[in-house]
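The values are calculated or read from the model by the stated rules, or taken from the named source; none is laboratory data. In this text the structure is predicted, and so the values were computed from the model without any measurement. Cβ atoms come from the backbone with ideal geometry, glycine included; neighbour counts cover every protein chain shown. Surface accessibility is based on the protein's heavy atoms, side chains included, excluding ligands, DNA and RNA. Shrake-Rupley method; radii C 1.70, N 1.55, O 1.52, S 1.80 Å.
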Amino acid sequence: MNDTIVVAFSNQKGGVGKSTFTVLLASYLYYVKGVNVAILDCDSPQHSLNTERKRELSDVENSPHLSEMAGELTAKCGRQPYAIVPVKLEEAVDYMKLYLESEDRPRILFLDLPGTMNNIHVVRVISNCDYVFCPMAADKYEIESTIGYCNYIREQIITGGQNNLKEVYILWNKIDARERTELYHEYDDFLELLNIEPLKTSIPSSVRFKKSLSVNPQKLVFRSTLFPPDKSLLRGSNIEQLADEITSIIGVKYGEED
Ligand SMILES: Nc1ncnc2c1ncn2[C@@H]1O[C@H](COP(=O)(O)OP(=O)(O)OP(=O)(O)O)[C@@H](O)[C@H]1O
Ligand SMILES: [Mg+2]
């Protein structure tokens, strides 16, 4: 059995897309690519992803159409939906250690974290991740704050050794297609000077990111913990490219034995 790779989308800023990417990647990799994943929802006390899963389960129960879709998906995948485990932030590391030794450990464990760094528990949890990806929009204050965050992780956690963390990457999110692309290249050159690597894949700003099952169960679903992103909405979202790039970085292959 392969070891679990622990991945977190993290940033000290709130609302940058951490939970969005956690769900989209977990669902795409599990339901479309067959990679065994789980989510540890450490964003206490609200546990928004665990709440989202519960709401979705109730939507499915109350809708014959969604129930049928869920049944077909389970038959196709040959397994139940992936686990979303709510855990208190301060108990996350201990829980994770036990979970990763258990028989039902996943190939990739995604951690959903709160948007803060002023918390000793967040630092401890990040030290126990293998890779951290920091979503960031092209906003002056968000860039400054994210660079500070990446530098902190680099200097205090990676360079210090004694932990699992191998690398931290920037993920450009909410890219406005109308903005000049040269501007982003200029930002990338600047990040290179600071030795911070952005992923090649960037994510456009798009209303489809708000199309979640829990908000609108009657329509095409992009974001759901129970279903894969709808194919027509995946096109142009760059989520497939993001999944390819991230799995290549963390060394997980599609179709490998669990
Ligand atoms: N590429 C995108 N285009 C449009 N909206 C987006 C995009 N990415 C994320 N969003 C939206 O931004 C909002 C914040 O996203 P999300 O909740 O994932 O952020 P977060 O970093 O987890 O926030 P928090 O720190 O509060 O946990 C959501 O409404 C989400 O739909
Ligand atoms: Mg969140």
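Give the residue from Gln80, Ser237, Ile203 lying farthest towards the positive end of the charge dipole for the range 5-250; charges sit on Cβ (+1 for Lys and Arg, -1 for Asp and Glu) and the dipole is referred to the Cα centre. So the residue furthest toward the plus end is Gln80.
Distance between the pseudo-spin-label points of Thr116 and Ser48 (7 Å out from Cα toward the beta carbon): 1.5 nm. Residue order by solvent-accessible surface for Met69, Met136 is Met69, Met136, largest first, with ligands and nucleic acids left out and a 1.4 Å probe. Treating each Cα of the range 5-250 as an identical point scatterer and summing with the Debye formula, the log10 of I(q)/I(0) at q = 0.07, 0.16 Å⁻¹ comes to -0.23, -1.21.
Would you compute, from DSSP H runs of 4+ residues alone, the mean residue ellipticity of the chain at 222 nm, taking -39500 (n - 2.57) per run and dividing by the full residue count, rounded to the nearest 500? Present the calculation step by step, with values, prior to reporting the outcome.
Working: 9 runs with 99 residues, N = 258.
Dividing the helical sum by the residues of the chain leaves -11500 deg cm²/dmol.
Put His121, His47 in order of accessible area, largest first, 1.4 Å probe: what do you get?
Numbers: His121 65, His47 30 Å².
Correct descending sequence by accessible area is His121, His47.
The largest accessible area among Lys33, Lys18 belongs to the first residue in Lys33, Lys18, and the rest follow in falling order (1.4 Å probe, all chains).
Loop sites by DSSP among the GluC sites (Glu not before Pro) of the chain, restricted to those with at most 13 other Cβ atoms within 10 angstrom, leave 1-102 as the longest stretch without any of them.
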